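To start, the structure under review is shown below, and the notes come after it.
The values are calculated or read from the model by the stated rules, or taken from the named source; none is laboratory data. Computed from a predicted model, the values in this text were never measured in an experiment. Please note: Cβ atoms are built from the backbone with ideal geometry, for glycine as well, and neighbour counts cover all protein chains shown.
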Amino acid sequence: MANGVLVYGEVRDGSLKAITKELAGAASQLSQAGAGPVSLALIGDATAVDAALPAARALPVAKVFVARNTALASYSSQGFAIALESVIKASGATVVLFGATALGRDLSARAAARDGASLFTDCTELSWAGGKLRVKRPVYSGKVILELESSAALQMASVRPNVFAPAGAGGSAEVVEVAVSINDADIRGRVKEVVRTSTGKKDLTEAEVIISGGRSLKSSDNFKILDEMAEALGATVGASRAAVDAGYAPHSMQVGQTGKVVNPKLYFAVGISGAIQHLVGMRTSKVIVAINKDANAPIFQRADYGLVGDLFEIVPKITEELKKLRSSH
Amino acid sequence: MKIVVLVKSVPDTESKIKIAADGTSIDPQGVKFIMNPYDEFAVEEGLRIKERLKDDTTVVAVSMGPDRAAEVLRTALAMGADDAIHVSDPAFEGGDSQTNARVLAEAIRPLAPDLILGGKQAIDYDAAQTCPAIAEILGMPQALIVTEIKLSDDNKTATARRRIEGGDEMVEMSLPALVTCEKGLNEPRYASLPGIMKAKKKEIKKVGLAEVGFKAESVGAAGSKSKVVRYHNLPDRPPVKMIAGDAATQAKELVRLLREEAKVI
């Protein structure tokens, strides 16, 4: 009954997002376990689709299903769900994968309701067992992991960024055009404007390396020592709730229960004691480094490497070491 | 305007979550339940819109769940909601998000709301899919993870600012529409003592299987395609490796370990 895995190709600013490459990697694994061929959905107006098409075709997928429509020039949950429904039908896929990104979460829940599919959101593991998709996802703010499976004819999942290794390029997938009819009346809401709040740096939810500062940073100005270390490491800077509440950093930088849930390969908790509210936002990080003056801080129980000492002395020294490392290569 | 606010009873963030002996559920023993924190922003926003418009706008709180859902409805009434609807039936138990969304959508439909407000996610399953599924079923546009809502002067359109990676998106919608609320949207009020007294006397309307027009086998666990295999505890982390010495020594050793042992830089 398996007729393949369809990956939703997410396009931002004319390029295919890294998460789409990760999903292609995940889909290849499901395919090898018997889920059928992998294809990719590329939806938007001609400009967006044509810009992303070469990168999409290069992924290890058999086909790229393309839905171009002028009504899809800016994102709308309704318009994209209609287009995706046509692509799913054309592909014959029984599994659809999305990134657990702002767009992927917005579209997947809507598409699942529209197409009568089951949906597992924000998954950290995917497998194919007995002809069914099986997933693991953190629940109760990451305090426990829930393993689920679905008996639906169409099964959808959104996958947390940085879980799967990105698939390599070098393929040359066949392009299949899918006709989509959308009436203006179908779209009653759409994105009018995108306001960038951070420039250049990767968003916390997508970053591979994160350096977060706590209240011990003592001022917003002192966050610049983290910025300098981040510069040397290609990292994104985050903050604890205590630091945000104290006004040292904006809420968009907050990692934790009421902030962002992150999943980097390397996480630095600098001057962060490790309250449960912070831990639930970062505990799936692959390697955790804690720097704190209090040797009894709970963060050390969650860390892989711990440094007890004055962060204002240690952080600049780490930056120095990282710069040495860079210049020796 | 008619505003519907969706609220859910969830374990308090500080609660210890213990897997029950059967491995497929959470042990409710000792768990304290509260209104989902993101739903508080939704209730507050509904009340603020009502207070700003100073017209015949009403705010109706709707919750699906077991008996304890009535407690969060009581909280919403105490904060200032006009009415409360408890969507409850033994047949609804064990439903997955998509199945529950179908039930909730039919409970909401007769109210003909102009605006549906909910939390960006409930902090129990963290699925964030019930609200957008309701929007799809009711044919409404949606804006999720919203930190600002502006209504046009004629109350016909709403512009919502939503969080995305590295910025914000401004979403313009014609009403009726659905919005899920993020921290930063507002500061939820505490229920006043007179509010609490008034809420105690209010009737909470029940909506069951007959009212939503589904057969028992198409709702709850029977109607759900998603099945729990089992819960798992988090894998243990290896013990922390403490790096001693002065700052320069610690920094040098850390960078060496990250490079040679963890291989992450």
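Condition test on B:Lys200, is it out of contact with any strand residue (DSSP E or B) (no Cβ under 6 Å at 6 or more places or on another chain) and either away from chain A (no Cβ under 14 Å) or loosely packed, with under 15 Cβ neighbours inside 10 Å (or both)? Against the criterion (out of contact with any strand residue (DSSP E or B) (no Cβ under 6 Å at 6 or more places or on another chain) and either away from chain A (no Cβ under 14 Å) or loosely packed, with under 15 Cβ neighbours inside 10 Å (or both)), B:Lys200 qualifies. Considering segment A:251-265, the residues that are at the interface with chain B (Cβ under 10 Å from one of its Cβ atoms) and in a loop (DSSP other than H, G, I, E, B) include one that is surrounded by the most Cβ atoms within 10 Å (Cβ to Cβ), namely A:Pro264.
Residues considered: B:Leu193, B:Leu117, B:Leu111. Of these, the only one that is aliphatic (A, V, I, L, M), within 27 Å of B:Arg74 (Cβ to Cβ), out of contact with any Ser or Thr (no Cβ under 7 Å at 6 or more places or on another chain) and surrounded by 24 or more Cβ atoms within 10 Å (Cβ to Cβ) is B:Leu117.
One residue alone among A:Lys293, A:Lys265, A:Lys317, A:Lys324 is farther than 20 Å from B:Lys252 by Cβ and charged (D, E, K, R), and that residue is A:Lys265.
The residues in segment B:209-238 that are over 30 Å from B:Gln98 (Cβ atoms) and within 9 Å of chain A (Cβ to nearest Cβ) can be counted, and the count is 2. The selection criterion, being modelled with pLDDT of 95 or more and buried (at least 23 other Cβ atoms within 10 Å of the Cβ), does not hold for A:Ala167. Is it true that B:Ala158 is without any contact (Cβ under 8 Å) to a residue 60 or more places away in the chain and within 29 Å of A:Asp184 (Cβ to Cβ)? Considered against the rule, which asks whether it is without any contact (Cβ under 8 Å) to a residue 60 or more places away in the chain and within 29 Å of A:Asp184 (Cβ to Cβ), B:Ala158 comes out as yes. Where strands (runs of 3 or more DSSP E) fall wholly inside segment A:1-105, the ranges with 1 or more residues that are modelled with pLDDT of 95 or more and within 13 Å of another protein chain (Cβ to nearest Cβ) are A:95-99.
Here's the yes/no breakdown for (1) of a type in the set (S, T, N, Q); (2) under 28 Å from A:Val262 (Cα atoms); (3) under 19 Å from the mean Cα position of the chain (by Cα); (4) assigned by TED's automatic domain parsing to the domain that holds A:Thr284:
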{"position": "A:Asp50", "(1), (2), (3), (4)": "no, no, no, no"}
{"position": "A:Ala56", "(1), (2), (3), (4)": "no, yes, yes, no"}
{"position": "A:Ala71", "(1), (2), (3), (4)": "no, no, no, no"}
{"position": "A:Ser76", "(1), (2), (3), (4)": "yes, yes, no, no"}
{"position": "A:Ser118", "(1), (2), (3), (4)": "yes, yes, no, no"}
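Could you list all residues from segment A:199-225 that are more than 23 Å from the chain's Cα centre (by Cα) and either surrounded by fewer than 23 Cβ atoms within 10 Å (Cβ to Cβ) or over 16 Å from A:Gly256 (Cβ atoms) (or both)? The answer is A:Arg215, A:Ser216, A:Lys218, A:Ser219, A:Ser220, A:Asp221, A:Asn222, A:Phe223, A:Lys224, A:Ile225.
Of the residues making up segment A:139-161, those that are touching a strand residue (DSSP E or B) at 6+ places or on another chain (Cβ under 8 Å) and facing chain B (nearest Cβ under 7 Å) number 11.
In the set (1) in contact (Cβ under 8 Å) with a residue 12 or more places away in the chain; (2) within 18 Å of the chain's Cα centre (by Cα); (3) not assigned by TED's automatic domain parsing to the domain that holds A:Tyr267, A:Thr236 fails one condition alone, (3). Residues of segment A:210-222 that are part of a helix (DSSP H, G or I) and within 22 Å of A:Arg283 (Cα to Cα): A:Arg215, A:Ser216, A:Leu217. With a requirement of 3 or more residues that are at the interface with chain B (Cβ under 8 Å from one of its Cβ atoms) and modelled with pLDDT of 95 or more, the helices (runs of 4 or more DSSP H) lying completely within segment A:266-328 that satisfy it span A:311-327. When we screen B:Glu165, B:Glu169 for residues that are within 21 Å of A:Pro138 (Cα to Cα), free of Cβ contacts under 8 Å to residues at least 60 places away in the same chain and assigned by TED's automatic domain parsing to the domain that holds B:Glu44, the only hit is B:Glu165.
Evaluation of B:Val87 against the conditions (1) farther than 17 Å from B:Val228 by Cα; (2) without any contact (Cβ under 8 Å) to a residue 24 or more places away in the chain shows that the sole unmet condition is (2).
What do you reckon, is B:Arg256 modelled with pLDDT under 95, farther than 27 Å from A:Thr94 by Cα and not hydrophobic (A, V, I, L, M, F, W, C)? No; evaluated as a whole, the condition is false for this residue. Of note, A:Glu228 satisfies the criterion of being among the acidic types (Asp, Glu), more than 27 Å from A:Phe164 (Cα to Cα) and in a helix (DSSP H, G or I). Note on segment A:174-196: among residues that are surrounded by 14 or more Cβ atoms within 10 Å (Cβ to Cβ) and facing chain B (nearest Cβ under 7 Å), the one that is farthest from A:Thr70 (Cα to Cα) is A:Val194. From the list B:Ala135, B:Ala160, B:Ala112, the one residue that fits, being farther than 18 Å from A:Ser76 by Cα and among the aliphatic types (A, V, I, L, M), is B:Ala112. Every condition in (1) more than 23 Å from the chain's Cα centre (by Cα); (2) within 13 Å of chain A (Cβ to nearest Cβ); (3) surrounded by 15 or more Cβ atoms within 10 Å (Cβ to Cβ) holds for B:Leu175 except the one numbered (1).
Restricting attention to segment B:128-140 and to residues that are surrounded by 24 or more Cβ atoms within 10 Å (Cβ to Cβ) and part of a loop (DSSP other than H, G, I, E, B), the residue that is nearest to the other protein chains (Cβ to nearest Cβ) turns out to be B:Gln129.
Take A:Ala243 and tell me if it is free of Cβ contacts under 8 Å to residues at least 60 places away in the same chain, crowded, with 23+ Cβ neighbours inside 10 Å, within 22 Å of A:Ile318 (Cβ to Cβ) and more than 10 Å from chain B (Cβ to nearest Cβ). Answer is yes for this residue.
If only residues of segment B:152-170 that are closer than 13 Å to A:Asp106 by Cα and at pLDDT 95 or above are counted, the one that is farthest from the other protein chains (Cβ to nearest Cβ) is B:Arg162.
A single entry from B:Ile123, B:Ile149 fulfils the requirement of being within 13 Å of chain A (Cβ to nearest Cβ), in a strand (DSSP E or B) and at negative phi: B:Ile149. Closer than 27 Å to B:Leu209 by Cβ, basic (Lys, Arg) and more than 7 Å from every other protein chain (Cβ to nearest Cβ): does that describe B:Arg109? Against the criterion (closer than 27 Å to B:Leu209 by Cβ, basic (Lys, Arg) and more than 7 Å from every other protein chain (Cβ to nearest Cβ)), B:Arg109 qualifies.
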